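In what follows, a single structure is set out as structure tokens and then discussed.
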Amino acid sequence: MRPVMTLELLATPAAVSGVRRDLRAYGIDVQLCASELVTNVIRHVGEGVPVTVRVWREEAGRVRPGVTDPDPRALPVVVGAVGAEDESGRGLALLDALAVRWGVEQEAGRKTVGCELFTAAETVASSPNMPERPGRHKASAGALGHSSARS
């Protein structure tokens with residue numbers, strides 16, 4: 001399946017707001033997840049690294065944003081507990097709260113971190129690469145009628 005949107009950019013703080021702007025038509029959840037993934041690249045791989053942001057629309061209406069970077073070894077980890085005074089550590093927890101499922105695909109010389117978001121008429125389907133975690137089917141008020149569910 002081909003992505004419906006592809007952005008190639010350098011991972012910089014200025015690019016994060018550009019990603020949000022460019023993905024506006026896909027809804028707030030897609031904007032938020034993609035911008036958090038680009039922010040993670042900046043923090044954990046390095047500022048100015050080339051990244052590719054893609055958005056796919058699945059057959060059943062699901063939307064899948066994903067961010068590819070050149071470091072297959074820097075894997076994302078959800079931080080267990082983040083204090084109110086902590087300045088970072090909430091990005092993947094937020095993605096985890098919004099997504100039906102999320103995961104990492106590693107290849108030689110790169111990795112893609114992506115997630116899957118429900119739309120309003122969506123039902124849960126299993127995926128071998130991103131296992132679903134039950135009980136996360138709450139709707140949110142995303143643009144284009146998108147609903148979100150947690151992974």
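The values are calculated or read from the model by the stated rules, or taken from the named source; none is laboratory data. This is a predicted model, so every value here is computed, not measured. In this analysis, Cβ positions are derived from the backbone assuming ideal geometry, glycine residues included, and neighbour counts consider all displayed protein chains. Each accessible area value is taken on the protein alone, full model and side chains, heavy atoms only, with ligands, DNA and RNA left out. Shrake-Rupley method; radii C 1.70, N 1.55, O 1.52, S 1.80 Å.
General observations
- Amide H within-cut-off set for VAL4, under 5 Å, with H built and near neighbours excluded: VAL55, TRP56, ARG57
- Backbone geometry of segment 101-106 corresponds, through the Karplus equation with coefficients 6.51, -1.76 and 1.60 at θ = phi - 60°, to 3J(HN,Hα) couplings of 7, 8, x, 10, 10, 9 Hz, x marking Gly and Pro.
- Area accessible to solvent at ILE28, 1.4 Å probe radius, in Å²: 90
- 3J(HN,Hα) along segment 37-49, derived from phi through the Karplus expression 6.51 cos²θ - 1.76 cosθ + 1.60 where θ = phi - 60°, amounts to 5, 5, 4, 5, 4, 4, 6, 10, 10, x, 5, x, 6 Hz, with x in place of Gly and Pro.
- Segment 1-58, accessible area per residue, ligands and nucleic acids excluded (1.4 Å, Å²): 50
- Listed peptides 60-68, 33-41 by packing density, highest first (mean Cβ within 10 Å): 33-41, 60-68
- Classification of segment 1-112 by its C-alpha gyration tensor yields a rounded form. The axis ratio a/c (a ≥ b ≥ c) stays under 1.5.
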